[in-house]
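Notes follow once the structure below has been shown.
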Amino acid sequence: MPRDHDVVLLGASGFVGALVAEHLARHAPRDLRVALAGRSRERLRHVRDGLPDAGRRWPLLTADTGDDASLRALARSARVLVSTVGPYLRHGLPVVEACARAGTHYADLTGEVPFVRQAADAFDEVARATGARIVHACGYDAIPSDLAVLLLHRRVAADGAGELGHVRLVASARGGVSGGTVASARGIADLAARDPQVRRLLADPFALSPDRAAEPRTPQPTDTPLPGRTVDGRWVAVSPMGSFDTRVVRRSNALQGWAYGRDLRYGEVAATGRGTQGALAAAALTVGLPMALAALTLPPARALLDRVLPAPGTGPDERTRRTGWFRMDVHAVTTTGRHYRALAAGPGDPGYAATAVMLGESALALALDTERLPDRAGSLTPAAGLGDVLTERLRTAGHTYEAAPRSA
């Protein structure tokens, strides 16, 4: 069926959506047919008027995640639909359904385990039947983690060094707190407080597996490690998004027939610095993160947090976005005892500037590189759905992705 648009950006008038629109206006080919979509034509026009010249003639489309008919029409008009409308637990499933049924490729920025699980259970078979690639987690959560482990797998396989065994990622970053991430965390906390099945899902290291019964019994690292130190002296502690990113990586492994290895043990930690200051920061993160998540479910504490945490749709100023950065150092030991390292890094505030690049390049990969993408449809991850093509695109966009052997 002919489509009017190559890429439709839903949520373009939001904070991150506008950043993705700017990336596309600067980097998409001039003949790529891009449209901006959202609830308010006036707000969309305001975003479009501030874009580089290439984006100032893009059509504006009105659609609402609460209006199924508008979503069906939107999905049928596009080859690729990119959604920045969150929290996805609240707004995402109707968009995924519309794309899956229309055979429209889809990408989002979710960091919500229950949403990805619900979307996969409800629409994976539909999307595979129509050929739609439904690619979740196409931002800072979880592209760097997912592609770094894919790179390690590629290098280890090329070297004939066995399979991946123990893999640990150490995340370092500088940037602002995402209002969207806070809203997602609040929604998950509320859902978990009410539903014991959700609590069990969140505790399952293979919560996003496409075939839970077929998963190996290999023990996985805890999501809440105690503070410790790396070999280079940095303090590390629990990673705020590790409980999501690790499940995405394990889903990628399963979607590829456990190509990384059935003995894969994958964990993530956050670096907090060196010396006394790093130790104190690690302790504060270890204690403070679970307390903050618990507080989100208590009305008095929640009201207080709402005053100090960023609201959805807001974000840091241009200077903060420009001077931020992220770096993922990954160390792997293979089943033959060989040691490897991978690096995923890039400029820009990870939750905003860098994420806009990641989602924008994911959209362009889906629109322009279809023939080179992995031959898969359905509910996918960045590694399983976009793979090496996305890695190449992000390198060209200024991000670093590399893997190499290292001494023990």
Go through 12, 25 for me and flag whichever is closer than 24 Å to residue 141 by Cα, outside any loop (DSSP other than H, G, I, E, B) and touching a strand residue (DSSP E or B) at 6+ places or on another chain (Cβ under 9 Å). 25
Result of the Cβ filter at 9 Å on segment 140-152, keeping first residues that are surrounded by fewer than 24 Cβ atoms within 10 Å (Cβ to Cβ) and partners that are assigned to a helix (DSSP H, G or I), at least 6 apart or interchain, is 151/388; 151/391
Considering only segment 45-75, state which residues are closer than 17 Å to residue 360 by Cβ and aliphatic (A, V, I, L, M). 47, 51, 54
Residue satisfying condition, being out of contact with any Pro (no Cβ under 8 Å at 6 or more places or on another chain), modelled with pLDDT of 95 or more and more than 21 Å from residue 318 (Cα to Cα), within set 33, 48, 43: 33
For residue 201, which of the numbered conditions (1) more than 18 Å from the chain's Cα centre (by Cα); (2) not in a helix (DSSP H, G or I) fails to hold? (2)
With the structure loaded, tell me whether residue 51 is within 16 Å of residue 380 (Cα to Cα), surrounded by fewer than 24 Cβ atoms within 10 Å (Cβ to Cβ) and aliphatic (A, V, I, L, M) or whether it fails that test. no
List every residue pair whose Cβ atoms lie under 7 Å apart, where the two residues are 6 or more positions apart in sequence or sit on different chains, the first residue falls within segment 380-400 and is on the phi > 0 side of the Ramachandran plot, and the second residue, located anywhere, is assigned to a loop (DSSP other than H, G, I, E, B) and acidic (Asp, Glu). none
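The values are calculated or read from the model by the stated rules, or taken from the named source; none is laboratory data. Model, not experiment: these values are computed from the prediction. Cβ atoms come from the backbone with ideal geometry, glycine included; neighbour counts cover every protein chain shown.
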